[in-house]
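Asks: This is the structure I have questions about; it appears just below.
The values are calculated or read from the model by the stated rules, or taken from the named source; none is laboratory data. Only a predicted model underlies this, so the values are computations on that prediction, with no experimental measurement involved. Heads up, the Cβs are rebuilt from the backbone with ideal geometry, glycines too, and the neighbour counts pull from every protein chain shown.
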Amino acid sequence: MPDFKAILDLHPNPCVIHINFVPQYANNAFAKFSGMACAKDVLDLESIRVLFEESHWPEAQRRYENAIRTGIPTPPQVINHTDLKGNPMIAEITDQVIDWHGQKAMCTFISVVTDQIHRERTLRDMANRDDLTNLYNRRYLVDQFGRRLTIPDRIQYLAIVDIDHFKRINDTWGHPVGDQVLRQLARLITEFSETGECASRMGGEEFALLLWVKDRDEAHARLEFLRNSIEELVVRVSHSNRQPLSIRSTVSIGTTALLANEDFLSASLRADEALYMAKKAGRNLVIDNDTKTKVPRS
């Protein structure tokens, strides 16, 4: 046993030995990881559960009992950790059952992976973003469809937003000016979206929104507000050595309420049909595919 302790004491990674989360031994790296002065302080804890989120406790108990029963090491798991000073970290833990003075105990090794996880999340987020507007891209939107949740007393709507006559802006002033218009409209669409909703750029001058609303009237009112906000927006952009340009745009919007468990293709076809109707009816309109009616302008 002394040799085993010596190995743990020299190990740079935090390590703790516990029986049903009551600490029996810890190295100094674990003490530092936990916000304590030395390993002896760890042994004063009633339970090491205080070092991770309470929501993780049931899963931790299940992992512990399964490992003790089978003797099989637990697979690596990433958890949120907060030391006793309140500093948040992300840790990867692995467990191995050992014999501790004649009793089965758990030896838990910890790797701090906060920076690694943050880098991975940043890279994932970058892969899900449109380079020009920083809105989510089509791939992310389609992925969200497969993960849709239900919210009590809320309906989810899909809206397709298309800039009217955008080609004229590119043809008249050039694509750099068109890009600045897209960025400004994307900023407005981002501000329009609420927590839990998804704003994305589908490509070109087309955007998509997943909205949570209480009923059709709220969906119509919100989208009409968005349409009117874009109509009133003046995008001021620089252009070569000339005076700055002031560009106004309008959008046509097609929308539909989502059916339970439907995929992106079926919903987007209905929203696209409504968008086509809005353009055919003169543009700068919101049309609901479910009613085939124009939303009155505010």
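The rows are residues; the columns are (1) more than 26 Å from the chain's Cα centre (by Cα); (2) exposed (fewer than 14 other Cβ atoms within 10 Å of the Cβ); (3) within 18 Å of Q156 (Cβ to Cβ).
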residue: D217; (1), (2), (3): yes, yes, yes
residue: R236; (1), (2), (3): yes, yes, no
residue: P244; (1), (2), (3): yes, yes, no
residue: R248; (1), (2), (3): yes, yes, no
residue: I253; (1), (2), (3): no, no, yes
residue: A274; (1), (2), (3): yes, no, yes
residue: K280; (1), (2), (3): yes, yes, no
residue: D288; (1), (2), (3): yes, no, yes
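Asks: H101 is checked against (1) within 15 Å of the chain's Cα centre (by Cα); (2) in contact (Cβ under 8 Å) with a residue 24 or more places away in the chain and fails just one. What number does that condition carry?
Replies: (1)
Asks: Okay, next question. Residues in the stretch 66-88: is at least one assigned to a helix (DSSP H, G or I), closer than 20 Å to S47 by Cα and of a type outside the set (V, I, T)?
Replies: yes
Asks: Then there is this: Condition test on G196, is it touching a Lys or Arg at 6+ places or on another chain (Cβ under 8 Å) and at pLDDT below 95? Talk me through it step by step, then tell me what you get.
Replies: On the way: touching a Lys or Arg at 6+ places or on another chain (Cβ under 8 Å): no; at pLDDT below 95: yes.
It is false that G196 is touching a Lys or Arg at 6+ places or on another chain (Cβ under 8 Å) and at pLDDT below 95.
Asks: Further, regarding this structure: Can you pull out the residues in the stretch 38-65 that are surrounded by fewer than 17 Cβ atoms within 10 Å (Cβ to Cβ) and either part of a loop (DSSP other than H, G, I, E, B) or not assigned by TED's automatic domain parsing to the domain that holds Y25 (or both)?
Replies: If the condition is that a residue be surrounded by fewer than 17 Cβ atoms within 10 Å (Cβ to Cβ) and either part of a loop (DSSP other than H, G, I, E, B) or not assigned by TED's automatic domain parsing to the domain that holds Y25 (or both), then C38, L43, D44, E46, S47, E53 are the ones that fit.
Asks: Which numbered condition in (1) within 27 Å of D125 (Cβ to Cβ); (2) of a type outside the set (D, E, K, R); (3) in contact (Cβ under 8 Å) with a residue 24 or more places away in the chain is the only one that H175 fails?
Replies: Of everything listed in (1) within 27 Å of D125 (Cβ to Cβ); (2) of a type outside the set (D, E, K, R); (3) in contact (Cβ under 8 Å) with a residue 24 or more places away in the chain, H175 misses just condition (3).
Asks: Are any residues in the stretch 268-285 of a type in the set (A, V, I, L, M) and either in contact with a helix residue (DSSP H, G or I) (Cβ under 8 Å, 6 or more places away or on another chain) or more than 17 Å from E224 (Cα to Cα) (or both), and if so, which ones? Steps first, answer last, please.
Replies: Filtering the stretch 268-285 for residues of a type in the set (A, V, I, L, M) gives 269, 271, 274-275, 277-278, 281, 285.
Those that are of a type in the set (A, V, I, L, M) and either in contact with a helix residue (DSSP H, G or I) (Cβ under 8 Å, 6 or more places away or on another chain) or more than 17 Å from E224 (Cα to Cα) (or both): L269, L285.
Asks: For the stretch 190-214, enumerate the residues that are without any contact (Cβ under 8 Å) to a residue 12 or more places away in the chain and either in a loop (DSSP other than H, G, I, E, B) or of a type in the set (S, T, N, Q) (or both). Don't jump to the end; show me each part of the working.
Replies: Initial filter on the stretch 190-214 (without any contact (Cβ under 8 Å) to a residue 12 or more places away in the chain): 191, 195.
Result: T195, single match.
Asks: Give the residues of the stretch 177-198 that are under 18 Å from G146 (Cβ atoms) and of a type outside the set (D, E), sorted by residue number. Before the answer, list the steps.
Replies: So in the stretch 177-198, the residues under 18 Å from G146 (Cβ atoms) come out as 196-198.
G196, C198 - these are the residues of the stretch 177-198 that are under 18 Å from G146 (Cβ atoms) and of a type outside the set (D, E).
Asks: If you don't mind, there's one more thing I want to ask. Which of the residues that make up the stretch 199-254 are among the aromatic types (F, W, Y) and touching a strand residue (DSSP E or B) at 6+ places or on another chain (Cβ under 8 Å)? Working first, answer last.
Replies: In the first step, residues of the stretch 199-254 are kept if they are among the aromatic types (F, W, Y); the result is 207, 212, 225.
Scanning the stretch 199-254 gives F207, W212.
Asks: Tell me yes or no: at least one residue of the stretch 154-166 is loosely packed, with under 11 Cβ neighbours inside 10 Å, in the same structural domain as L233 (by TED's automatic domain parsing) and charged (D, E, K, R).
Replies: Within the stretch 154-166 (the criterion being loosely packed, with under 11 Cβ neighbours inside 10 Å, in the same structural domain as L233 (by TED's automatic domain parsing) and charged (D, E, K, R)), the answer is no, since none of the residues qualifies.
Asks: Among the residues of the stretch 215-222, is any within 14 Å of D130 (Cα to Cα) and not in a loop (DSSP other than H, G, I, E, B)? Reasoning before the result, please.
Replies: Step one: filter the stretch 215-222 for residues within 14 Å of D130 (Cα to Cα), giving none.
No - not one qualifying residue is present in the stretch 215-222.
Asks: Something else: Which residues, taken from the stretch 233-268, are of a type in the set (D, E, K, R) and farther than 21 Å from W173 by Cβ? If you could, list the steps in order and put the result at the bottom.
Replies: Applying the first criterion (of a type in the set (D, E, K, R)) to the stretch 233-268 yields 236, 242, 248, 262-263.
Listed by number, the residues that qualify are E262, D263.
Asks: Go through D99, D125 for me and flag whichever is surrounded by fewer than 14 Cβ atoms within 10 Å (Cβ to Cβ) and in the same structural domain as V78 (by TED's automatic domain parsing). If you could, list the steps in order and put the result at the bottom.
Replies: Working: D125 fails: in the same structural domain as V78 (by TED's automatic domain parsing).
Result: D99 is the single residue among D99, D125 that is surrounded by fewer than 14 Cβ atoms within 10 Å (Cβ to Cβ) and in the same structural domain as V78 (by TED's automatic domain parsing).
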